[in-house]
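One structure is given here, and the rest of the page talks about it.
The values are calculated or read from the model by the stated rules, or taken from the named source; none is laboratory data. Keep in mind it's a predicted model, so treat the numbers as computed, not measured. Note that we place each Cβ from the backbone using ideal geometry, even for glycine, and neighbour counts take in every protein chain shown.
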Amino acid sequence: MEERGKKINRERLTETFQQLAAIDAPSFQERQMADALKERLTRLGFAVEEDKAGSLYGGTAGNVYGFRKGTLAGPPILFSTHMDTVEPARGKKALLGTDGRITSDGTTVLGADCMSGTAAILEALQEIEEEGGECRDLEVIFFIGEEKHLRGSEVFDYTRVKSKESYILDLTGPVGTAAFQAPTLIQFRIEVKGRAAHAGLSPETGIHAIAIAAKAVARMELGRVGEDMTVNIGAIHGGENSSNIVPELCQLVGEVRSYSHEQAMEQTRKIDELFREEAEKAGGSSRMDYQIRIRAYRTPKEHICVRRFRRACEKLGLPCTLVKTFGGSDQSNLYHHGIPGLVLSSAMELVHSCQEYTEVSELVKLTELTKLLMQDRDSADLGE
Ligand SMILES: [Zn+2]
């Protein structure tokens, strides 16, 4: 009757999700979550370590890494999620509705981002155990501080990782979707400096910082700039909250995203130049600081991790949709440390809002998918 082996235990999976979601784990306060996950991994036979990443950020926990030898031949495969949750994240309750939808009580996020994926990994491992343990060598990493610009995965010591491919369970959309490409994200801050003067008595002696910024912003291309790039000014602040002073300072924050790292850098330089040009014309000055928050990557569609994903989707009758994302994930850091992979849609919707939800049916699919990936056998694994 049941072709793909024993069914996922829905009740236990739901319970695992609810237990994890009930743990408070705002960014850099992941202690309780780290302890809970370490305990579960240890029970599942993993050798578990926690690094010191937390201490770099004044956090309470480090990244949690686990390795377990499997029964199947071939190199290990890495599965990963993050432990932290965006605010409001304290006192979360995961409420199961009669329709199978799990929501918060409306005053906090739910934490399906990233506890859906985490629950799926743990339950897939549990099911495998109960069915006799057939699986590959596995590595897992639960990162801290993902929601704060991937801070945990930024400082992880990747020399200990043996896997050459990874699956991050951290994407919205129906299970059976995966992102293979993500952009570079550059955040910048611009400070335009003019000269203060009395706005009524001697405006001609002032240099108007807001006017300079306004001219520069008006010349900027904003929004979707071409197919592969977005540009935004997210905030502007200038002057002294006083009507009678020609404003001396104006500060702006913004960002550039592009699938091409070079083009993102080029666009950032162009914005800097544009502001300096306008400032110079008016006799003022402009200075830009920027930070590369994530770096673009693209996992080739021929990569073995895509093959495994396709195969697992096929077995489960899932659509197998490969997409580009314009969001960030720990995969960016993994990729640039020699571990390409996919970010899987992982039963989380309306994330970063109090309306966030997951669905039991999606959690079940995600767990089945994860389990098949953990048990996948590709001809390349046997050196064929
Ligand atoms: Zn996430």
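Here are some notes:
- Some residue of the range 150-160 being of a type in the set (D, E, K, R), part of a loop (DSSP other than H, G, I, E, B), in the same structural domain as residue 15 (by TED's automatic domain parsing) and modelled with pLDDT under 95: no
- Total residues in the range 4-17, condition surrounded by fewer than 19 Cβ atoms within 10 Å (Cβ to Cβ) and touching a residue at least 24 places away in the same chain (Cβ under 8 Å): 6
- Checking the stated criteria, residue 123 turns out to be in a helix (DSSP H, G or I) and either closer than 30 Å to residue 338 by Cβ or within 14 Å of the ligand (Cβ to nearest atom) (or both).
- Some residue of the range 54-77 being on the phi > 0 side of the Ramachandran plot and within 16 Å of the ligand (Cβ to nearest atom): no
Residues are listed down the side, and each one gets a yes or a no for (1) touching a Leu at 6+ places or on another chain (Cβ under 9 Å); (2) surrounded by 16 or more Cβ atoms within 10 Å (Cβ to Cβ):
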residue	(1), (2)
299	yes, yes
305	yes, yes
314	no, no
318	yes, yes
323	yes, no
337	no, no
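- Criterion applied to 58, 70 was being assigned to a loop (DSSP other than H, G, I, E, B) and over 29 Å from residue 312 (Cα atoms), and the one residue passing it is 58.
Listed here are the residues, each with its yes/no results for (1) over 19 Å from the mean Cα position of the chain (by Cα); (2) assigned to a helix (DSSP H, G or I).
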position	(1), (2)
252	yes, no
255	no, no
262	yes, yes
272	yes, yes
280	yes, yes
286	yes, no
293	no, no
300	yes, no
306	yes, yes
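- Per the conditions (1) outside any helix (DSSP H, G or I); (2) more than 16 Å from residue 367 (Cα to Cα), the sole criterion not satisfied by residue 7 is (2).
- Residues that are more than 16 Å from the ligand (Cβ to nearest atom) and under 19 Å from residue 309 (Cβ atoms) within the range 141-176 comprise 163, 164, 165, 174, 176, listed in sequence order.
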